[in-house]
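Beneath this line is the structure, given in structure tokens, with notes to follow.
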């Protein structure tokens with residue numbers, strides 16, 4: 001069972017009413033003002049609320065902010081369920097993102113940009129852990145996430161259903177905005193060190209880059225993801 005001890009992710013998780021929250025622990029000693037919001041949401045949803053000494057919460061979730069929630073394991077969503085939720089799907093496919101900090105940041109940006117779901121491979125991928133939930137600021141509770149056995153095969157299946165795929169990779173002449181993102185689309189991002197694997201890369205309809213104008217020759221995958229995601233949002237918000 002996972003624990004979360006940062007207040008913003010706790011509040012977003014409670015607001016999502018996902019049913020994953022098993023208990024809410026509040027420290028007996030006076031805490032931040034946001035604790036009142038945690039208590040209110042827990043009571044509204046009928047979630048067991050327990051008061052305990054700070055030292056107990058320290059053991060449950062070091063670095064907590066005066067409250068800790070216990071979460072049941074996240075249930076992953078079937079792909080068909082994610083697709084059924086949108087007439088014009090916007091998906092994010094992550095090819096072996098292993099750093100929980102990056103995964104959490106990508107989930108947060110994807111949810112803010114209006115993505116319909118995240119697709120992760122079953123192997124060599126960070127799970128939706130406490131660290132991921134906290135970095136995502138609770139977005140992991142709002143966004144559907146699927147896990148698949150073979151990412152390249154899944155892309156082939158989704159292509160048959162009308163999706164196009166854009167891979168993000170450095171060194172390309174075509175830039176991140178050189179695509180019509182108003183169509184059903186999946187943004188594909190590779191691992192922190194290796195980038196896109198060959199088979200996954202070959203399934204992409206286009207590979208696009210973000211130009212780097214400074215002296216550093218690489219961009220963090222979570223930062224690159226946000227650039228692509230909000231280009232999708234920009235184009236889809238643009239008047240027809």
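Here, each number is a calculation from the coordinates, and none is a lab measurement. Being a predicted model, the structure only gives us computed values, none of them experimental. Backbone-built Cβ (ideal geometry, glycine too); neighbour counts: all protein chains shown.
See the values below:
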{"item": "Members of segment 200-230 that are part of a strand (DSSP E or B) and surrounded by fewer than 17 Cβ atoms within 10 Å (Cβ to Cβ)", "result": "206"}
{"item": "Pairs, first without any contact (Cβ under 8 Å) to a residue 40 or more places away in the chain in segment 160-183, second crowded, with 17+ Cβ neighbours inside 10 Å and assigned to a loop (DSSP other than H, G, I, E, B), C-beta under 7 Å, six or more apart", "result": "162/184"}
{"item": "Residue 189 free of Cβ contacts under 8 Å to residues at least 24 places away in the same chain and either over 20 Å from residue 94 (Cβ atoms) or buried (at least 17 other Cβ atoms within 10 Å of the Cβ) (or both)", "result": "no"}
{"item": "Hits in segment 88-111 - residues which are free of Cβ contacts under 8 Å to residues at least 40 places away in the same chain and surrounded by fewer than 20 Cβ atoms within 10 Å (Cβ to Cβ)", "result": "100"}
{"item": "Residue in segment 129-143 that is closer than 25 Å to residue 199 by Cα, buried (at least 22 other Cβ atoms within 10 Å of the Cβ) and in contact with a strand residue (DSSP E or B) (Cβ under 6 Å, 6 or more places away or on another chain) present", "result": "no"}
